[in-house]
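The values are calculated or read from the model by the stated rules, or taken from the named source; none is laboratory data. Keep in mind the model is a prediction, meaning the values are calculated, not measured. Here the Cβ positions follow ideal geometry from the backbone for every residue, glycine too, while neighbour counts run over all protein chains shown. When the accessible area is computed, the model is the full protein with side chains, heavy atoms only, and any ligands, DNA or RNA have been set aside. Shrake-Rupley method; radii C 1.70, N 1.55, O 1.52, S 1.80 Å.
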Amino acid sequence: MFYWLMKYVVIGPLVKAVFRPWIVGRERVPASGAAILASNHLSFADSIFLPLLLDRPMSFLAKSDYFTGRGLKGWATKVFMKGTGQIPIDRSGGKASEASLNTGLQILGRGDLLGIYPEGTRSPDGRLYRGRTGLARMALEAKVPVIPVVMVDTDVVMPIGHSVPRIGRVGVLVGEPLDFSRYEGMENDRYILRSVTDEIMIALQRLGAQEYDDVYASTVKDRLPQAASKRR
């Protein structure tokens, strides 16, 4: 109910009126059943516009820091994240990564849509970077299709480091679903996971024509000044 109110009454109409977002390929998202939407990640705004333009509810795995802020701003951020279907996860690695995987599998097990950013963090410069294999493992374990999604110009509307958006149009491109059933039972093979992940990243690159750099975005961020304070 809260998700519905935020999408169709509180946030949705205002965002659509101001930013006039567009989408191509919406029909490629199944009307029912579980699927993973694997998206490039340009901006904090990605997690706002993609759910807004789909007919079905969806959830994103979001870093837990968004849910633990203090004061009025922290409360407002927490309410907003929950209202847009975001699920808090710990991204510190180790056991936290396993817990994130299990959370994603629970969502898919209910037959819902799950959004994941395979790069693991926002692109620091608009390029597409090497994907993390957790997405592949989740897709193989859950036995669900992966739908490539490309966000367009969200980094122009909400650049990294900005808290106030700029007025502009953003878009979403939805690609053909990817079927990895040929790898059933191989979710613990790291070579298979890398192959599946690379296939997803190739689909994203072809769909959005982003320049691709075969390194992790987090590695690039670590080389930037004040990277630690800006990482998302």
In segment 107-133, anything among the small types (Gly, Ala, Ser) and touching a Lys or Arg at 6+ places or on another chain (Cβ under 7 Å) is listed as Gly120
When segment 164-195 is checked residue by residue, the ones that are out of contact with any strand residue (DSSP E or B) (no Cβ under 8 Å at 6 or more places or on another chain) and among the β-branched types (Val, Ile, Thr) are Val164, Ile167, Ile192
Would you mind stating whether Gly126 is touching a residue at least 40 places away in the same chain (Cβ under 8 Å), open to solvent by 20 Å² or more (accessible area, probe 1.4 Å) and not acidic (Asp, Glu)? yes
Identify all residues within segment 13-62 that are small (Gly, Ala, Ser) and either closer than 22 Å to Glu176 by Cβ or touching a Leu at 6+ places or on another chain (Cβ under 8 Å) (or both); write none if there are none. Gly25, Ala31, Ser32, Gly33, Ala34, Ala35, Ala38, Ser39, Ser59
Within segment 191-200, can one find any residue that is at pLDDT 95 or above, polar (S, T, N, Q) and open to solvent by 20 Å² or more (accessible area, probe 1.4 Å)? yes
Can you confirm whether Leu193 is outside any loop (DSSP other than H, G, I, E, B) and in contact with a Gly (Cβ under 7 Å, 6 or more places away or on another chain)? no
Quick check: is even one residue across segment 26-46 assigned to a loop (DSSP other than H, G, I, E, B) and among the basic types (Lys, Arg)? no
Please enumerate the residues belonging to segment 24-51 that are among the hydrophobic types (A, V, I, L, M, F, W, C), crowded, with 19+ Cβ neighbours inside 10 Å and either more than 16 Å from the chain's Cα centre (by Cα) or modelled with pLDDT under 90 (or both). Phe44, Ala45, Ile48
When the residues of segment 201-224 are filtered to those that are free of Cβ contacts under 8 Å to residues at least 12 places away in the same chain and not in a helix (DSSP H, G or I), which remaining residue is farthest from the chain's Cα centre (by Cα)? Arg223
Only one of Gly168, Gly185, Gly120, Gly131 is open to solvent by 60 Å² or more (accessible area, probe 1.4 Å) and in a loop (DSSP other than H, G, I, E, B), namely Gly185
With the structure loaded, tell me whether Asp198 is in contact (Cβ under 8 Å) with a residue 40 or more places away in the chain, of a type in the set (Asp, Glu) and in contact with a strand residue (DSSP E or B) (Cβ under 6 Å, 6 or more places away or on another chain) or whether it fails that test. no
Could you tell me whether any residue of segment 217-231 is within 23 Å of Leu101 (Cα to Cα), open to solvent by 50 Å² or more (accessible area, probe 1.4 Å) and either at pLDDT 95 or above or touching a helix residue (DSSP H, G or I) at 6+ places or on another chain (Cβ under 7 Å) (or both)? yes
Every listed condition ((1) at pLDDT 85 or above; (2) open to solvent by less than 20 Å² (accessible area, probe 1.4 Å); (3) more than 10 Å from the chain's Cα centre (by Cα)) holds for Lys16 save (2)
